[in-house]
Amino acid sequence: MDARTQKPARQVVELEVDGETIEATIAPHRLLVDVLRDACGRTSVKEGCESASCGACTVLVDDVPRLACITPAADVIGSKIRTAESLRSSDGRLHALQEAFIHHHAVQCGFCTPGMLMAGLALLEENSRPTEQEVRDAIAGNLCRCTGYVRIVRAILAAAQTLGARPERRLPEMAS
Amino acid sequence: MSGPLNVIGRSPQQVDALEKVLGRATFAADISLPRMLHGAVARSPLAHATIRNIDLSAALRVKGVRAVVCGRDVPYRYNLPLRDQPFLAIDRVRYVGEPVAAVAAEDLDAAREAASLIRVEYEELPAVLDPAQAMLSGAPLLHPEFNKYWRDEKLFDPIPNSNVLSHFKLRKGDVEAGFAEADEIFEGTYTSQAFNHGAIEPHAVVAQVELAGQMTLWSCQQSPWFAADDLAIALGWPVHRIRVVTPFIGGGFGAKHGLKAEPPAVALALKTGGRPVKLVMSREEVFTALGVRGAVTVKLRTGVKRDGRLVARTAEVIWDTGAYADVGPLLCRNGSYSSTGPYRIPNQSIDGYCVYTNKVVTSAFRSYGTMEMSFAYESHMDEIARGLQMDPVQIRRQNLLQDGDETATGETPKAVGLVPTLTACASAMEWDKPKAPGRGRAIVSTAKSSVAPSGSSSFIQMNDDGTLNVMCSTTEMGQGSRTVMTQLAAEAAGARFEDVHLIASDTAVTPPDRSTSSSRSTFNMGNAIVRAAGDAREQILDKASELLEEPRENLDVRDSAVFVRKDSNRFCSFAQLAGVRPGSNFGPIVGRGSFVPADTTAFNVKTGEGRRITAFWLYSCQGVELEVDPDTGKITLHRVVSAHDTGRTLNPVACEGQIEGGAAIGCSTALFEDLVLDRDGKVLNPNFLDYRMATSCDIPPIESILIEVPHPEGPYGAKGIGEGPTTGIAAAIANAVEDAIGVRITDLPITPEKILRALGKLPPATP
């Protein structure tokens, strides 16, 4: 009871989100998902389970996919955080993954989409020519109830092809 | 509606895909309003108890708390057509997780802390968790005050002084004579488990009651008018004082049809002096308290002739509705009469019982009973085929309803696409060729009705630049309605697809519509939009005729312009006709469309007879090929072939998306999903770690087949598509398992343990 009623002191921290430095006042126990949504305006980071089991809150922390719903914000101070809102380039062009998700109708309700895009991005940055099974494995932690995953897998494979064919598109869009 | 189609039948870019890939689509939990408070709910830890006392004092002392409410503050009950459910428990709790009190505070931490400090004194009552037990006389009654609840007596019959809130009866022909005539009689009992809807977005709502008396809900609500109506009746308000705005919805599947997260939020918003209250549910709350696809047991007995003709059937169906009615009475009716399957059976007797138990409330789930019924009747059909040594496809083909045949309720449906979907599916499965070694395969047929009567309406207004705003209360939840409604409006008005803007789901702006449910929107809202667009088109032609000084009959409307038919250099654009700006010669163009299917009839509650109980049916055929590892019991799905009668395919890719997603739900719920309760009625697996839902690695290739048997009343011939793909898959898997290894599983899900038990490799389950 004491531990719960005693409010921990809040601290002002700087987070690097999508290439932007954001100052936020947070309690030490605050989770990254809440800080990204409430203090950083990144509502694309969705909360679906609070237990690292649906993948909707997937973001990249120093290029590694992390689940923001179980990551204390305090743990990522000094890291580069990327959300789906970083995918579009500064001149407004969509990332190949975003284009492929639209083109292949990989989006239905759209709630899992930002997390799927980030899981797909992490895969393609690691492995530019994944097999279908590698794509399925890479998004196996991201649940989707609408699509049966069919078109999401297809879109990520298509984006890999596009990126492979047009390597010059890749670097600027991924710099955060 | 004649002439070549420009927009219908194509798959344009989904109108909302860009917002969604940018992460900009706003869902209810993303909404933040000035002076907004955050809510939390205190819930019952017991399955059945009377409430002796509620002490809110400690909660009220928490810093930042602005309102604490419990049942006595909101003495209202909701649910159509049986008003049994309180906003917050009144005097009694009936399931673990039932909302008992709620808190609104300046921040979520304070709200949760205060909710945890609400002290409730309970006196425990015996709980009843098994619907078969709950039906027995002498079982503890969940609702001793049942007779005081308002109910629509035209729609269903309860059994007095019992937990059976609805007993649906269907009597057709002479069942005893039918069985006497039969050469063989087959019997079976089939059980479908309870599972969660699995929408990835947990329920969320922001509620605000303005001091002038207007309430606004920004809610993940599939059916904004339905919810506003139910809430208005509960509060005794006119419906127009309740405005329901639905932002994007992160998956519905029935879980967000009707009041779900809203009542506790409304209870709070009535007490916060006009400050909005946001309530976002946790995943645990979604699993334990926001609805479930309830368990169903179906007992079938069927008499057949040696040649395979079905001549008689009795069905007893027990629906577990949980602690409150929600859609129970209508689910029991529509589901139970569907136990016939898509077959001609001249003599039938069906009894459906909808039963209260001390469990989370059963809500609508995509297919509204047809998943459960089709698991029963299509498992049964393969058992009959096996018993008669007939080919499973042949016996179906022989008994499937065709145009001119009569259904269980006495309806003669039009444009029946059952044989065509079966033929297409069998062909894609190469049914006439031997199956691959070690494999099992199966093909099943299903039919699903849609809700009736069922009205929709739409306004279409021309903007200053000649584009059209379409006002429509069909809610986008991933099914693609915004895109398809845009296509229909563009086609019928003669506009370009990109010139049509859909304004969706705000009851203060978009006109009445029953619900986004029951695969009804393409048919019903589609027709309303076609009518509104036709009305706008008439006005466009009148004005163009004046402007071009040419009789109307010489004019063509296409691509957002009006052309003189024989002189295409003479034309005017929609923008020239808009009449929006001050000083315009023309008045504004506003099209209006209202639709309700003609001549649908009510049921006779004594006989279950209804000559036209639905405007259209969904006809589907599902094929599955799989193999089973006899040592581990693991099932590997190799393919699903899913054939559906769309009537007219308005958007092929959107239809395929519905099929893939629906079939995947069919696979996942057939193999993995099961909401497990302990003996005290507590959900043991209220999270995605312990509750297994199919991932990207579990779903086989799904081949979609779109068959068109145009419906004379559908928009451009279209029927619905949404629910068909979830149906039949479980039976197809069960039948293919038997085809592969010779054992039949009759209770879902079909787990490796059950297969090993059936093979005698594990001891039988102990109850």
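A short reminder: the numbers here are calculations on the coordinates, not readings from a lab. Keep in mind the model is a prediction, meaning the values are calculated, not measured. All Cβ positions, glycine included, derive from the backbone under ideal geometry; neighbour counts span all protein chains shown.
How many Cβ atoms of partner chains, on average, are near each residue of B:193-199 if near means within 10 Å of its Cβ?
The per-residue average across the peptide is 2.
For B:LYS271, which aspartates and glutamates qualify as cross-link partners when the Cα separation must be under 18 Å and same-chain residues fewer than eight apart are set aside?
Within reach: B:ASP55, B:ASP73, B:GLU106, B:ASP107, B:GLU210, B:GLU262.
Filter the GluC sites (Glu not before Pro) in segment B:177-227 down to the DSSP loop ones having no more than 14 other Cβ atoms within 10 Å, then list what survives.
B:GLU210
Relative contact order, percent, of segment B:574-650 when contacts are C-alpha pairs under 8 Å separated by at least 6 residues?
The normalised contact order for segment B:574-650 reaches 18 percent.
Once fully extended, how much extra length lies between B:THR189 and B:ASP678, figured as 0.36 nm per residue of separation less the alpha-carbon to alpha-carbon distance?
Extra length available between B:THR189 and B:ASP678 comes to 173.7 nm.
What fraction, in whole percent, of alpha-carbon pairs in the protein assembly as shown exceed 59 Å separation?
When all Cα pairs of the protein assembly as shown are counted, 7 percent exceed 59 Å.
Starting from the Kirkwood radius over alpha-carbon pairs of segment B:217-361, derive D by Stokes-Einstein at 37 °C in a medium of 0.692 mPa s and give it in µm² s⁻¹.
183
For chain B, what is the mean residue ellipticity at 222 nm derived from helices alone (per DSSP H run of n ≥ 4: -39500 (n - 2.57); sum divided by total residues; nearest 500 deg cm²/dmol)?
About -7500 deg cm²/dmol.
With a sphere of radius 14 Å drawn around the Cβ of B:SER505, what net charge do the other residues whose Cβ falls strictly inside it have (Lys, Arg +1; Asp, Glu -1)?
0
In what order do B:ILE613, A:ILE70 fall by count of nearby beta-carbon atoms within 10 Å, going from fewest to most?
If I rank by nearby Cβ atoms, fewest first, I get A:ILE70, B:ILE613.
Identify all aspartates and glutamates with a Cα-Cα distance to B:LYS148 below 16 Å; exclude those on the same chain that are fewer than 8 residues away in sequence.
Qualifying aspartates and glutamates at Cα under 16 Å: B:ASP84, B:ASP91, B:ASP157.
Which angle from 0 to 90°, rounded to the nearest 10, does the C-alpha axis of helix A:150-165 make with the longest principal axis of chain A?
70
So what's segment B:1-111 giving for Cα Rg divided by 2.2 N^0.38 Å, two decimals?
Compactness ratio reported: 1.69.
What number, in nm² with one decimal, is the all-direction average of the projected area of the convex hull of the alpha-carbon atoms of segment A:96-174?
4.5
For segment A:105-136 and segment B:364-389, compute the distance between their C-alpha centroids and round to whole Å.
So the separation of the two Cα centres works out to 36 Å.
Taking every pair of alpha-carbon atoms in chain B, what share in percent sits in each 20 Å bin, from 0 to the bin with the longest distance?
For chain B, the pair-distance distribution reads 17, 48, 30, 5, 0.
Taking a ≥ b ≥ c as the square roots of the Cα gyration tensor eigenvalues, with a/c under 1.5 meaning rounded and otherwise prolate when a/b beats b/c, else oblate, which class fits segment A:2-86?
Here segment A:2-86 falls in the oblate category.
Please state the relative contact order of segment A:96-174 as a whole percent: Cα pairs under 8 Å, 6+ residues apart?
Across segment A:96-174, relative contact order equals 44 percent.
Note the full-extension length gain between B:LYS154 and B:LYS305 as 0.36 nm times their separation in residues minus their Cα-Cα distance, in nm to one decimal.
Contour length minus Cα-Cα distance gives 50.6 nm.
Partner chain Cβ atoms within 10 Å, averaged over the residues of B:659-666 - can you pull that number for me?
If you average over the peptide's residues, the count of other-chain Cβ atoms is 4.
How large is log10 of I(q)/I(0) for segment A:1-156 at q = 0.13, 0.14, 0.15, 0.16 Å⁻¹ when the intensity is taken from the Debye formula with one equal scatterer per alpha-carbon?
-0.60, -0.68, -0.77, -0.86
Of B:LYS20/B:LYS359; B:LYS256/B:LYS278; B:LYS169/B:LYS448; B:LYS154/B:LYS448; B:LYS305/B:LYS761, which pairs sit farther than 26 Å apart, going by alpha carbon to alpha carbon?
B:LYS20/B:LYS359; B:LYS305/B:LYS761
Ranked highest first by average number of other Cβ atoms within 10 Å, how do B:727-735, B:250-258 line up?
So the order, starting with the most tightly packed, is B:727-735, B:250-258.
Taking just the alpha-carbon atoms of segment B:117-167, what radius of gyration and Dmax come out, in angstrom?
13.9, 45
For segment B:261-364, which trypsin sites (Lys or Arg not before Pro) are in a loop by DSSP, counting at most 12 other Cβ atoms within 10 Å?
In loop regions of segment B:261-364 (DSSP not H, G, I, E or B), the sparsely surrounded trypsin sites (Lys or Arg not before Pro) are B:ARG306.
Please identify the chymotrypsin sites (Phe, Trp or Tyr not before Pro) of segment B:98-199 that satisfy two criteria: DSSP loop assignment and at most 15 other Cβ atoms within 10 Å. Which are they?
B:TRP150
Restricting to Cα pairs below 8 Å that are 6+ residues apart, what does the relative contact order work out to for segment B:99-219? Please round to a whole percent.
Rounded, it is 11 percent for segment B:99-219.
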